[in-house]
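See structure below.
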Amino acid sequence: MRWFAILLFPLLVGLLSAGAAWWGERHQQQQHRQVLAQHAQVQGEAVNWRLRTTLEALYPMALMLADSPRPSAERFRYLAESVQQRQPQLQSLQWIPKVLAHERLNWEQRRRGSLPHFQLRERQGARWQPVGERPWYLPIYHAHGDEPLAAHLGQDLAIEPRSLAAFTRARLQRSLVFSRASGHGPDTLWAVLPVWGSPGQLLGYLRARLSLSELLIPDVLSAEQGMAYALQSASSPDLLLATPNFQRRVDTQTEPLPAIGGQQWQLLVSAIDWGPRWYGLPLLLGLLPWLLAAGGLAIGQLLRLHWQRRQTQQSDGVAPVAQPFRWREDELAPPAQYDEVLAAEWDAGRRSGEPLCLMLLTLDDPTVFQQALGETAFVQCQRALIRHLRQRVRRPRDLMAQDGAGRIALVLPETTENAAVLGQALVDWVRQAKLPLGRDDGLGAMTVSIGVAVMIPGPRSDAFQLQELADQALYRATQDGGNRVICFGSHAHLRIA
């Protein structure tokens, strides 16, 4: 119960922290939306002001054209350049006078003073034809802008449905109107301003082409740091133009703009450096002790199952297999490993009831051979003997090591009377190999003595008794002249010479 309370405390702290973070995040989002709404309103007013001030530059020019409705090309160019210097967003300016039928001949004759082949024209399919008879005409009389419009001079716009609709609406409203500019981008518009003379007399129209993107982006939509903007038609989901960092978010605010070009526009405002926060971190930190505790319990359960499986195997009489470190073919395991493996195999034999054999081997007269051969040759002979022993001792649990007295010790689990036969085979091989180096010189051949002890481990005995029996057997073998095997066991005492 105490551990449960200790683990419950960080969980409650995590839940409270997560709730506080969620509430604070929600409050911050509400404030953020209010700021965006205020900013969208301010920017919408700025867009309206920018558009209004840009188009107001057309009114002084319209007053001058009202005083002189038939200006020369030089006079119109001067007026257009002065307007474009103040408002460079106006990309093209055109003067379109209203010409009555009885004024056409005099009007064309006056224009041929500068353009010899000038005449009123209209498009018939893909070809230009002279204008037919009609009560009045709306030709392009002067043009100035960023594209060559001389080819359009004399074009009668009174037959174009879109242009004629814009002219008619401007005449009826007696104010500036907009129309879409065909052949240009979707954000390009024509601003049409009617020019009046005496009361009730329409002199013509002043037309200017402008691009909303060039009008709004440089000064308005990029003025505020941390904000992104977009311009969109209310009748279409596609964005007409947008700043590079604009992304439509759940907090994006919309500000309606006045109708421009016959359709309703709206300004979209979004924050760049704001995004939803993840408030689950405190909850995760609160759950961390529970996760660690669950992991510890799972590991403990796995260890308990593993220990139960080992206990079941041992109770069934299955002894664990020793896996000693695998040394080189001509090396012996150290005495520390020999003591550890001997004790482990003794415990395994006690549980399974199988016999355990210990074989101790030593060279006869090793000092004589070492002095006569030298250290290097003597070590080579020892390694040759070890390699041969490893060829005979191949079972996984068999161990060949060096005991504390410097002798070769063979630990052979589950081995009984055949241990004496194995020992005699080793003695015979060493004698027949004529070590050192396979020669039979005046020194004579090396021989070995082997002491073997076999016991069945019991509850009142230990591995030390097995080692004592092997020591006694080896002592008897060396005392009897060497080159022989003495075996002491629980069932027999054998002497093989």
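The values are calculated or read from the model by the stated rules, or taken from the named source; none is laboratory data. Only a predicted model underlies this, so the values are computations on that prediction, with no experimental measurement involved. Cβ: placed from backbone, ideal geometry, glycine included. Neighbour counts: every protein chain shown. Ligands, DNA and RNA are stripped out before the accessible areas are found, and what is left, the full protein with its side chains, is counted by its heavy atoms. Shrake-Rupley method; radii C 1.70, N 1.55, O 1.52, S 1.80 Å.
If the condition is being closer than 17 Å to Leu138 by Cα and open to solvent by less than 100 Å² (accessible area, probe 1.4 Å), then region 102-123 contributes Glu103, Arg104, Trp107, Glu108, Arg111, Phe118, Gln119, Leu120, Arg121, Glu122.
Determine, yes or no, whether Ala151 is open to solvent by 10 Å² or more (accessible area, probe 1.4 Å), part of a helix (DSSP H, G or I), at pLDDT below 75 and not acidic (Asp, Glu).
Details: open to solvent by 10 Å² or more (accessible area, probe 1.4 Å): yes; part of a helix (DSSP H, G or I): yes; at pLDDT below 75: yes; not acidic (Asp, Glu): yes.
In short, yes.
Within region 350-367, can you find the residues that are assigned to a helix (DSSP H, G or I) and within 16 Å of Val448 (Cβ to Cβ)? Once the filter is applied, which keeps residues that are assigned to a helix (DSSP H, G or I) and within 16 Å of Val448 (Cβ to Cβ), region 350-367 yields Pro366, Thr367.
A search for C-beta distances below 7 Å between a residue of region 62-73 that is modelled with pLDDT of 85 or more and any residue that is part of a loop (DSSP other than H, G, I, E, B), counting only pairs 6+ apart in sequence or on different chains, returns Leu65/Pro71; Ala66/Gly197.
Residue by residue, here is whether (1) closer than 24 Å to Val454 by Cα; (2) assigned to a strand (DSSP E or B); (3) open to solvent by 40 Å² or more (accessible area, probe 1.4 Å) holds:
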position	(1), (2), (3)
Phe369	no, no, no
Ala372	no, no, yes
Gln382	no, no, yes
Arg394	yes, no, yes
Met400	yes, yes, no
Ala409	yes, yes, no
Thr415	yes, no, no
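For region 36-56, the criterion of being outside any helix (DSSP H, G or I), open to solvent by less than 60 Å² (accessible area, probe 1.4 Å), on the phi < 0 side of the Ramachandran plot and modelled with pLDDT of 75 or more is met by no residue. His144 meets each of the listed conditions (1) outside any strand (DSSP E or B); (2) in contact with a strand residue (DSSP E or B) (Cβ under 7 Å, 6 or more places away or on another chain) apart from (1). Annotation note: Cβ proximity below 6 Å between a residue of region 353-382 that is within 30 Å of Ile456 (Cα to Cα) and in contact (Cβ under 8 Å) with a residue 24 or more places away in the chain and a residue that is of a type in the set (D, E, K, R) and open to solvent by 60 Å² or more (accessible area, probe 1.4 Å) (sequence gap 6+ or interchain) occurs for Glu354/Glu414.
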